[in-house]
Amino acid sequence: MPLPSLKEQFAALIAAPSVSCTQPAWDQSNLAVIELLASWLGDLGFACEVQTIAPGKANLLATYGSGPGGLVLAGHSDTVPFDAALWQSDPLALTEAGDRWVGLGVCDMKGFFPLVIEAVRTLLDQPFKQPLLILATCDEESSMSGARALAEAGRPLGRAAVIGEPTGLKPIRLHKGVMMERIDILGQSGHSSDPSLGRNAMDAMHAAIGELLVLRQQWQQEYRNPLFNVPQPTLNLGCIHGGDNPNRICGQCSLEFDLRPLPGMDPEVLRAAIRQKLQPLAEQRQVRIEYGPIFPGVPPFEQAADSELVRLAERLTGQAADAVAFGTEAPYLQQLGCETLILGPGDIACAHQPNEYLELARIEPTVQILRQLIDHYCLRPSL
């Protein structure tokens, strides 16, 4: 059976729903996407290993060639949830609109895989001296469980890894970490006419928020990296819930917040500093305070500016490597010994948005860059 055309591959992947979400009502399997990729890559001669991560969730590791070293071209197979009513076309159908293709995942980032296939298919008649590995992960848009499982398994992958997240074909060698945290305070309800009848959890949360803001100011004075558009670490108070009626002392209150550390900031050190502030507050207010991550955070990422992969990507793209605020799977691939970089054709400004698109003019430059990366690491590797 002949390999589908580039456009047909895009269309098939977008038509296979694979939403990843912390809300069970939205969350979907990614197996249809994995099966499509395994079928196409298998037909090209890749050895395809499907790794089950959870029921209905899997990674794909497809390998061409053998031995140590080589190149990993990586991406995630899932998308964010979507509101079809806000789209001008069917989110699950590839639509051509002038100079762009539109569809859920076309930019972030199912569309990267057909471009990888397009790049490699014309090179398969040459001997691969080091392997090419194509990695498709699950649940990047929620828990990152696919990349975490790879890192925990500890199996070496390649010498270098490129993740095709949307960067506008600009190489990215740094990003901030992502920590999503929650504080729960349990006090005691009572009649509001007499504060001594209870212990107000909202009052205690007000004090806890004050301590968080002190820490935020302290961290922003202590840490700064001018490579980022927002050069300081950020702490955003995202949502708060508590109490049930104006005439009752608030018995419970919860706060969820987002903390984005810079490279060099250890998430566990930050959590320890927060706990150190909350413990005396709990004793003083006579409330119970529970604090921890909503799900495991994404570590900050930095690849050395003078590394082989960064220098090669800068030469191939003609652009200096940069930094972004959004998180990726890069730290997990780096933990497996890969020099790691983020480089993809999409634009982050349209990711997670209605009418997500990929400019057609980016397709050929991306394919050429990918071919040159494969040539450097797999066909003519210099150790």
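Derivation of every value follows stated rules applied to the coordinates shown; laboratory data play no part. Please read these numbers as outputs of a predicted model, since none were measured by experiment. Cβ coordinates were reconstructed from backbone atoms using ideal geometry, including for glycine residues, and neighbour counts include every protein chain displayed.
Tabulated results
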quantity	calculated
Full-extension gain in nm, residue 126 to residue 359, via 0.36 nm per residue minus C-alpha separation	80.8 nm
Kyte-Doolittle mean at least -1.0, axial Cα span of 24 Å or more - DSSP H helices of the chain	201-222, 267-285
Largest to smallest principal axis extent of the C-alpha atoms in the range 229-383, angstrom	71, 39, 24
Contact order relative to length of the range 178-298, as percent, for alpha carbon pairs under 8 angstrom and 6 or more apart	44 percent
Spatially proximal lysines relative to residue 176 (Cα-Cα < 25 Å; intrachain offsets below 8 disregarded)	110, 277
Contact order relative to length of the chain, as percent, for alpha carbon pairs under 8 angstrom and 6 or more apart	24 percent
Least to most buried among 230, 287 (fewest other Cβ within 10 Å first)	230, 287
Evaluated over the chain, the Cα radius of gyration and Dmax, each in Å	23.4, 83
